[in-house]
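J.: What follows is a structure written as C-alpha cells; I'll ask about it next.
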Amino acid sequence: MADSSAEPTGASSGSVGSDENATQIQPIRMPTTEEIRAQDVWNNCGVRAVTSGVMGGGLGLMMGLFLGALDNPIMHDTMTARQQFVFTAKQMGQRSWNSCKTFAIMGLVFSAAECCIEQRRAKHDTINTAFAGCVTGGSMSARGGPKAACIGCAGFATFSVLIEKFFDRHT
Amino acid sequence: MAAPVPNPIPVGISKEQAFSMAQTEMEYRVELFNKLAQTCFNKCVDKRYKEAELNMGENSCIDRCVSKYWQVNGMVGQLLSAGKPPV
C-alpha cells in the first residue's frame, strides 16, 4: 500500500485518442521491494537528520571558504607573498570550519525536529516547518538567554516558512 | 497476515461446501482490503496532490489507520463468532 492509487478507475496505457499530444498515461505500477526499502530508509528520522547535517556542513564549508577569502586584510608591508598566502589560507580554513559546524548543526536540528513533529502529528503541513524552525532558532540562540531564544525562534520559524513557500510555489 | 480465523472448518464437510466457504472467505478478504484502502486513503491523504510519493506524515497516518482498522476488525470478528451458536 505504498502507492496512493485507490482511485476507482485504473489508468491503462491504451487510453483513447487525445493523449498523443498530452502526456502518455502510464499504467499503475506497484512499487518494488527495493523502492519500498528505500522509502523506509528515507523515512527514518536519524537518516534524514544526518543527511541534512552533512549537506548543511558542505554548504557551510563552501560559504565559509568563499566569504573567508573575501574579507581578509592583505598586509603588503609586513609579510612576504608566501606568508600572506599561508596566513590567508589559515584564516579561510578556520572561518570555513566554523561556518561548516554552524550550518551542520542547524541542518541536523531542523531536519530532526521536523521529522519527529511530522511523524507524531501524522500530517503534512507548514506548521511542522514552523515548529521545527522555532526549535532550531531557539536552540541555537539559547546562549543569549530566554529573550534571545524567543527572538531566534520567531525569526528562524518565519524564515523557514518563507523558504518552504518559496520552494513550493508552483504546486 | 495473522488474522483471527472466524470459523474453522469442521471435519466431515464435502468438497463443494469447502469450496464455497473458501469463496466466501475470499470475497470477505477482498472486500475488507478494498474498504480498508479506501477508508485510510480518504482519511490520511490530502486531496490536492502535490507529489507522487507519500510523504512522512501520510505514511504515519496510514500505518496507524491500518493498524486500528485491522485490530477493530479482528475484535468485531471474534465477538461475532463468539456469539454464534455451535455448529
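J.: At the nearest 100 Å², what buried accessible area, both sides summed, do you get for A and B when the probe is 1.4 Å? Could the numbers behind the result be given before it?
T.: Working: alone 12520 and 7520 Å², together 18560 Å².
Buried: approximately 1500 Å² between B and A.
J.: Let me ask something else about it. Measure of size requested: the Rg and Dmax of region A:41-171, with Cα atoms as the atom set and Å as the unit; please supply both.
T.: My reading of the Cα-based Rg and Dmax gives 18.6, 63 Å.
J.: With an 8 Å Cα cut-off and a minimum separation of 6 or more residues, compute the relative contact order for region A:93-171 in percent.
T.: Numbers: 72 pairs, mean separation 19.7, N = 79.
Over region A:93-171, the number comes to 25 percent.
J.: Which residues in region B:43-81 place their backbone N less than 17 Å from a point set 7 Å from the Cα of B:Lys35 along the Cα-to-Cβ direction?
T.: Backbone N within reach: B:43, B:65-81.
J.: Which FRET efficiency value, to the nearest 0.05, is calculated for A:Arg37 and A:Thr80 with the Förster distance at 45 angstrom and r the Cβ-Cβ distance?
T.: Working: r = 58 Å, r/R0 = 1.29.
My answer for the efficiency is 0.20.
J.: May I ask for the Kirkwood hydrodynamic radius of region A:114-171, worked out over all distinct Cα pairs and given in angstroms to one decimal? The partial results should precede the final answer.
T.: On the way: mean 1/r = 0.0857 Å⁻¹.
With all distinct Cα pairs of region A:114-171 included, I get 11.7 Å.
J.: Taking R0 as 45 Å, what's the FRET efficiency between B:Ala18 and B:Asp46 from their Cβ-Cβ distance, rounded to 0.05?
T.: Given R0 = 45 Å and the Cβ-Cβ separation, E is 0.50.
J.: Apply 1/(1 + (r/R0)^6) to the Cβ-Cβ distance of A:Ala69 and A:Ile163, taking R0 = 35 Å, and write down the FRET efficiency to the nearest 0.05.
T.: Numbers: r = 26 Å, r/R0 = 0.75.
That gives a FRET efficiency of 0.85.
The values are calculated or read from the model by the stated rules, or taken from the named source; none is laboratory data. Since this is a predicted model, take the numbers as computed values, not measurements. Every residue, glycine as well, gets a Cβ built from its backbone with ideal geometry; the counts of neighbours run over all protein chains shown. We work out accessible area using only protein heavy atoms, side chains counted, and drop any ligands, DNA or RNA first. Shrake-Rupley method; radii C 1.70, N 1.55, O 1.52, S 1.80 Å.
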